[in-house]
Amino acid sequence: MLRQEVLEQFISVVGPDRCKTSPEDLLTYGYDACIYEYVPDAVLFPKSTQEAADIMRIASAEHVFVTPRGAGSGLVAEALAKHGGAVVCFTMMNRILEINTANRYAVVEPGVVISELQKAVDKVGLFYPPDPGSAAVATMGGAVAMNAGGMRGVKYGVTRDYLLGLEIVLPSGEVMVTGTVTAKDVTGYDLTRLICGSEGTLALVTRINVRLLPKPKTKRTLQAVYNSIDDAGTTVSRIVEAGIIPATLELMDKTVIKAVEEFSQLGLPLDAEAILLVDVDGGPESVETEAALIADFCRTQGAREVRVSLSEKENELLWSARRSAFGAVARLRPTCMIEDATVPVSYLTSAIKKVIEICGRNRVQVGVLAHAGDGNLHPLILCDQRDKAEMERVERAMDEIVDYALSVGGTLSGEHGIGIPKSKYLPKQLSETSLSMMRAIKRAFDPSGILNPGSFLEQRGS
Amino acid sequence: MIAEKLREEVYNCIRCGLCMNKCPVYNQLYFEGAAPRGKVQLIKKVLEGKLEPSENFCRMLSLCLLCETCTVNCPSGVALDRLMKAMRAEVSEKFGLPWQKRAMFHLLSSDRLLPFCLFWGRTVGNPLRSLLPADGKVGTIPYHRLPLLNRRPLLNQFPEVVPALGRRVGSVLYFTGCATNYLFENVGRSVIATLTRLGVEVIIPKAQMCCGLPIALSGARKMALKNIRRNLEIFSRDDVDAVIVDCASCGSALKKEYTHILEELGENAEAARTLGKRVLDVAEYLSRFELEKFLRPLPGRVTYHDPCHLVRSQGVREEPRSLLKRIPELEFVEMEGPDVCCGGGGTFQWEHPEVAAGITRNKIKAIADTGAQFVASGCPGCRLQIYGSLDTDAIQVLHPVELVAMALERRLS
Ligand SMILES: Cc1cc2nc3c(=O)[nH]c(=O)nc-3n(C[C@H](O)[C@H](O)[C@H](O)COP(=O)(O)OP(=O)(O)OC[C@H]3O[C@@H](n4cnc5c(N)ncnc54)[C@H](O)[C@@H]3O)c2cc1C
Ligand code: SF4
Ligand code: SF4
């Protein structure tokens, strides 16, 4: 519980409407997009850097825990007030401050939704590539804090690759600027990229400068249908080996295809074992040659059908179907957990098979989705949170998937982050030295530990 | 109690948030309680007995236009609008409705009181309106932009059976709805003129009542039962081609809400299901005809606003557009976000005027940007909201059928 006088100080900063404390409001800030729940004591909605700084100054003086939050679409509970205190939510601080076409950058407040930025820059012929499946809901602040990746990662990289600079508020309330708006910058430590992916543990992000690209002139979407998941996997390796870099390279297995088809009724083949969705973009000529090359690869690797989309509208339909995959699959059972283990891309096929084998052995229902081009698996594990025995089997399966990914040189999490669900695995991947360096960094930013307590760094075992 | 099947729905919400950014209310307020995800999660807590429904909970439930945008965008297929409607019914039983709503619904559910009041409203009300303060408002709508009442209810202006002109090619039952009957008589006249001109006999049952949707959506489901039963009785006839409606909300009531409400109240819904299959929006019905040979040029530019209750509740998107596009010399221009709710939401604009005003502002801007002088929309609620919020007389808000009738009449004259 927050003391009334502290609450009043907060209200004096944001006003009563932007300080929510009713039980109903608090409950709605007790979750994000995964299964954990922690109800905060207050939710504050700053609209400016000044307000955010004032909030932190008060929190610091009164030793109140603060957990930053964007849209709450995160999958690892990092936006939840795990030890109570205030949630500082940035959804009301959501203006696009500048789109600079001459120097190709944009400056945004943290609450701007990713797809809104994408739309706005598209209108002036520019392109902001990072495109997580949650782009229609997730905020730029959340994307920075989680270093969100997504479907265009294989060619265009992830959020980190587009950050030029940030304005942040330290736990003490001091405001600090990192980076610049120039493409090159080697002045001092790269604090921008330290904040990126810090899961809201180091500072509040209050302004973001991102690099933009010219919009690719054309795009083609290919859809290759397979009778065997092996063949689909091998196709991916072949494409990568050949040095072709498609804009996206996504794989869906049978379970996912079925669920997506049920939701979107696009006429996906229900008897297929796997579908690859491939985008190539760029100048019209190179797009044509690459699309033809990839279509060829798919056929020689055993695709039973390869379709090239004919229009922008068809592209859009296919991709919106792909974006619906998580939800569509989740419909099958009450609970759906997304795994995020990532392997070197040459292991993709064996990893998918391994995941299916592990889940089968543990009697866990699974559908496999993958950002295939960068080896990022998203097994969708279906279960019912209310069933204890089943959840134990799920836990076992997840342990095994992690062990496998690490054994082939992969990582715990490609893009969703560590948070609560994966923190117990951290020591498997990071050495004690590495962990203690991270804790030292955390202490340098947040000596009294008021920002996002209970985060991945502090969780131990389960 | 909320039906068991509906209760399970809350477990289909995986909290992905994909419904949030398209919710017009959330896009004004930016906090979870205003977003569909927040509401489902609260409903879940209530159903699990972990949250006592409070006034604040009711207020959050009321922060919703029931525009169904979230329902059609949820990849998990959560029937959000049905959940929210059922929950509203549940809490209205507990907390009762505000007196204004009670009075209004009492009116709508009574077949003598409504005409009586409207008679006096018409005789005294229309002239009185000029005496009202110029800056007064109902919700977001200034008094002077409220519609005038019909001189006489439409039902009294026509015989029960209006014969087809020329060779009879069809016969329909016409459900006029309150808005056409009492406020927008020209819509009804246009429907009748167009249909009869095409050779369709129009039967207008005199004993029809308000569809009951405004009553049911606010939670007073039991009050709506009387209207539902009466209308089912009158319109369950299979000696006609179809039951025609010109109002998006009445259409969604007759097509599906009747079935949902009866099912959820544990009543027999067979008759409602059968009727639902026979109901057509007038634009849907008209798309069967070769209108071209009847239509004369109507020079101008038109844009179209999709009513929530037509595009999402009924899935009718193309038919009204194609009606408009078939009118010679009428240029059709799509506005930005044609299917985004106008902000009316039945009683929403009156309960949450600031939120509604923000939503409507975006709509008005989208309309103005097209440069059209006609906005077509087959929903009296949208019409009230859009006309009521325009500050120019250069843009007319009409039912698509009114434009069709205008183009038809030109030939006749
Ligand atoms: C359907 C679905 C698909 C997804 N697909 C992808 C995907 O393809 N790739 C991917 O990488 N992720 C994906 N995600 C995960 C998630 O959307 C991303 O992690 C996203 O970046 C979170 O943004 P948010 O605004 O929702 O942040 P939140 O969930 O609100 O917060 C996430 C973290 O960011 C911190 N944070 C938020 N705002 C700030 C701020 N202003 N300052 C400091 N810290 C802040 C929070 O403290 C928390 O630690 C998906 C999620 C869903 C539900
Ligand atoms: S889109 Fe559906 S599943 Fe996702 S949060 Fe909204 S209601 Fe829940
Ligand atoms: S019905 Fe419309 S207003 Fe209501 S929650 Fe859904 S999207 Fe928002």
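The values are calculated or read from the model by the stated rules, or taken from the named source; none is laboratory data. As the structure is a prediction and not an experimental result, all values here were calculated from the model. Counting neighbours? That spans all protein chains shown, and the Cβs are built from the backbone with ideal geometry, glycine included. Calculation scope for accessible area: heavy atoms of the full protein, side chains included, ligands and nucleic acids excluded. Shrake-Rupley method; radii C 1.70, N 1.55, O 1.52, S 1.80 Å.
Between helix A:49-62 and chain A there is an angle of about 60 degrees, using the helix long axis and the longest principal axis of the Cα atoms. Its Cα centre serving as origin, chain B has a Cβ charge dipole (Lys and Arg +1, Asp and Glu -1) of approximately 500 debye. In chain A, the ratio of gyration radius to Kirkwood radius, Rg to Rh, stands at 0.97 when only Cα atoms are counted.
Neighbours of residue B:68, meaning other residues whose beta-carbon lies under 12 angstrom from its beta-carbon, give a summed charge of +1 when Lys and Arg score +1 and Asp and Glu score -1.
For residue B:389, the accessible surface of its heavy atoms amounts to roughly 40 Å² (probe 1.4 Å, protein chains only, rounded to the nearest 10).
In segment A:391-462, which GluC sites (Glu not before Pro) fall in coil by DSSP and have 16 or fewer other Cβ atoms within 10 Å?
In loop regions of segment A:391-462 (DSSP not H, G, I, E or B), the sparsely surrounded GluC sites (Glu not before Pro) are A:458.
If you take the beta carbon distance between residue A:48 and residue B:237 as r and set R0 to 51 Å, what does 1/(1 + (r/R0)^6) give as a FRET efficiency, to the nearest 0.05?
After rounding, the FRET efficiency stands at 0.20.
Just so you know, the Cα atoms of segment A:16-58 work out to an Rg and Dmax of 12.0, 34 Å. Projected onto the charge dipole of segment A:96-214 (+1 at Lys/Arg Cβ, -1 at Asp/Glu Cβ, origin at the Cα centre), which of A:157, A:144, A:191 gives the Cα projection farthest towards the positive end? After comparing all options, I get A:157. Computed on the Cα trace of segment B:171-228, the radius of gyration divided by the Kirkwood hydrodynamic radius gives Rg/Rh = 1.08. Can you pick out the pairs among B:5/B:94; A:119/B:85; A:258/B:39; A:388/B:50; A:82/A:254; B:85/B:226 whose Cα atoms lie more than 27 Å from each other? Listed pairs above 27 Å: A:119/B:85; A:258/B:39; A:82/A:254. In order along segment B:378-393, the Karplus-derived 3J(HN,Hα) couplings, from 6.51 cos²θ - 1.76 cosθ + 1.60 at θ = phi - 60°, round to x, 8, x, x, 4, 4, 4, 5, 6, 4, x, 9, 6, 10, 9, 9 Hz, and Gly and Pro are given as x. Taking amide H as placed 1.01 Å from N in the peptide plane, the amide H of residue B:300 sits under 5 Å from that of B:331, each at least 5 places away or on another chain.
With one equal scatterer per alpha carbon and no solvent term, the Debye-computed log10 I(q)/I(0) for segment B:291-412 at 0.12, 0.14, 0.23 1/Å reads -0.42, -0.56, -1.34. If the Kirkwood radius is taken over C-alpha pairs of segment B:4-95, then at 25 °C and 0.890 mPa s the Stokes-Einstein diffusion coefficient equals 189 µm²/s. Computed about the Cα centre, the dipole magnitude for segment A:96-214 is approximately 380 debye when only Lys and Arg (+1) and Asp and Glu (-1) carry charge, each at its Cβ. Each DSSP beta bridge with both residues in chain B is either parallel or antiparallel, and the antiparallel ones are about 15%. For a label point 7 angstrom out from the Cα of residue A:180 toward its Cβ, which stretches of segment A:125-163 have the backbone nitrogen within less than 16 Å? The answer is A:163, whose backbone nitrogens lie closer than 16 Å to the label point. Taking max minus min of the alpha-carbon positions on each principal axis, segment A:262-390 gives extents of 56, 31, 25 Å, largest first.
Put simply, the Cα atoms of chain B extend 67, 46, 46 Å along their principal axes, the longest span coming first.
Qualifying trypsin sites (Lys or Arg not before Pro) in segment B:139-180, where qualification requires a DSSP coil assignment and no more than 10 other C-beta atoms within 10 Å, comprise B:167.
Mean per-residue shielding of peptide B:5-16 is 5, counting Cβ atoms of other chains within 10 Å of each Cβ. Taking every residue in B:37-45 and counting other chain Cβ atoms within 10 Å of its Cβ, the average works out to 4. In this simple spin-label model, placing a label point 7 Å from the Cα along the Cα-to-Cβ direction at both residue A:194 and residue A:262 gives a separation of 4.8 nm. For chain B, the residue among B:305, B:163, B:266 whose Cα projects farthest onto the positive side of the dipole built from Cβ charges is B:163. The listed residues B:292, A:261, A:98, A:241 rank as A:241, B:292, A:98, A:261 when sorted by accessible area, largest first, using a 1.4 Å probe. Using the Karplus relation 6.51 cos²θ - 1.76 cosθ + 1.60 with θ = phi - 60°, the per-residue 3J(HN,Hα) values for segment B:221-229 come to 4, 5, 5, 6, 4, 4, 4, 4, 4 Hz, with x marking Gly and Pro.
Pair-distance distribution of segment A:4-91: all C-alpha pairs, bin width 5 Å, starting at 0; shares per bin in whole percent are 3, 16, 28, 27, 17, 8, 2.
Backbone geometry of segment A:256-271 corresponds, through the Karplus equation with coefficients 6.51, -1.76 and 1.60 at θ = phi - 60°, to 3J(HN,Hα) couplings of 5, 4, 4, 5, 5, 4, 4, 6, 9, 6, 9, x, 5, x, 6, 8 Hz, x marking Gly and Pro. Max-minus-min Cα coordinates of the protein assembly as shown on each principal axis give 89, 70, 58 Å, with the largest extent listed first.
Amide H contacts under 5 Å for residue B:137: B:143, restricted to partners 5 or more places along the chain or on a different chain, H placed in the peptide plane at 1.01 Å from N.
Placing +1 on the Cβ of every Lys and Arg and -1 on the Cβ of every Asp and Glu, with no other charges, gives chain A a dipole of roughly 240 debye about its Cα centre.
Averaged over peptide A:134-145, the number of partner chain Cβ atoms lying within 10 Å of each residue's Cβ comes to 2.
Candidates B:315, A:280, A:369 compared by Cα position along the dipole of the protein assembly as shown: farthest toward the positive end lies B:315, with charges placed on Cβ.
Between the alpha-carbon centres of segment A:207-269 and segment B:1-58 there is a gap of 33 Å. Over the C-alpha atoms of segment B:146-258, the Rg to Rh ratio, Rh being the Kirkwood estimate, stands at 0.98. Amide hydrogen proximity for residue A:385: with H placed 1.01 Å from N in the peptide plane, the residues at 5 or more positions away or on another chain lying under 5 Å are A:335.
Note on residue A:252: accessible area approximately 10 square angstrom, rounded to 10, probe 1.4 Å, nucleic acids and ligands left out.
Provide, as a two-decimal number, the C-alpha radius of gyration of segment A:75-206 over 2.2 N^0.38 Å, N being how many residues it has. Computed over Cα atoms of segment A:75-206, the ratio equals 1.03. Apolar share of the accessible surface for segment A:96-214: 53 percent from carbon plus sulfur atoms, 1.4 Å probe.
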